Structure formats: structure tokens, C-alpha cells
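Notes to accompany the following structure.
The values are calculated or read from the model by the stated rules, or taken from the named source; none is laboratory data. The structure presented is a predicted model; accordingly, all values stated were derived computationally and were not measured. So basically every Cβ, Gly included, is an ideal-geometry build from the backbone, and we count neighbours across all protein chains shown. We work out accessible area using only protein heavy atoms, side chains counted, and drop any ligands, DNA or RNA first. Shrake-Rupley method; radii C 1.70, N 1.55, O 1.52, S 1.80 Å.
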Amino acid sequence: MGELLEKEIVFRLHMYENEELIDLVEEYTLTALGDIPKTGDYIISPWVLPSLDREDPENRTIYEVVSRFFLPKNDKEEDDWVYIALVVKERTMNDAESALLAGSP
């Protein structure tokens, strides 16, 4: 168990499209998220195109976690991270949720 604590946990987002899992090429660390997301949790994507207003909720994406897959490592691998795939549904942030951004650091 001590070895796991020395490794960084990395979450990679995936989404179903036409019954196929698509890699969204978006990753977060446990340090960034603060906890392991569970089904029903939401992640507010920090990414907004530079030309768009970050404060406009229509320019922000929310991911709802619908399932998660733990991908155990082979003992012979020397990587210093553990990988967890999060399957999400994507949607635009609504006005009520934008209040979360106003109060965040």
C-alpha cells in the first residue's frame, strides 16, 4: 500500500459517442481534483478558449461522471502514476452553477 501512496493518481476523461468510448484527451491529477470522483460527481473543466469569456457560463463545460474504470498496473511497470479512466457526459454550465465560479479562488 505504501507504494501506491508514492504514485500520482491520474484521471483521464472518456465519453460515449455512438456506443463507442472516445478519449477526450483531458487529464487531471488527484492533487488537482482533491478526491477520486464517483458516479454522479461533476467536474468543471478549467479549459476555455482564449478568445472566449471565462465568466460566461455558456463557454464552460461540465462533466458528469457516469462510470469509472480502475486500470491496475503490471508489477513490472516502473511508472510513477496510477491511471483511472472516468467516463463522463458533457454539457454546458448553467447560470445557477456559474455562481460556483464567482466564489472560487
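Within region 43-57, track down each residue that is aliphatic (A, V, I, L, M) and assigned to a loop (DSSP other than H, G, I, E, B).
V48, L49, L52
Examine region 7-27 for a residue that is at pLDDT below 90 and assigned to a loop (DSSP other than H, G, I, E, B), and state whether such a residue exists.
yes
Whether any residue in region 40-47 is modelled with pLDDT under 85 and open to solvent by 40 Å² or more (accessible area, probe 1.4 Å) is what I want to check.
The answer is yes, given that some residue of region 40-47 is modelled with pLDDT under 85 and open to solvent by 40 Å² or more (accessible area, probe 1.4 Å).
Is it true that E97 is open to solvent by 80 Å² or more (accessible area, probe 1.4 Å) and modelled with pLDDT of 75 or more?
No; evaluated as a whole, the condition is false for this residue.
Out of all the residues in region 58-70, which are in contact (Cβ under 8 Å) with a residue 12 or more places away in the chain, outside any loop (DSSP other than H, G, I, E, B) and surrounded by 11 or more Cβ atoms within 10 Å (Cβ to Cβ)?
Result: E58, T61, I62, Y63, E64, V65, V66, S67, R68, F69.
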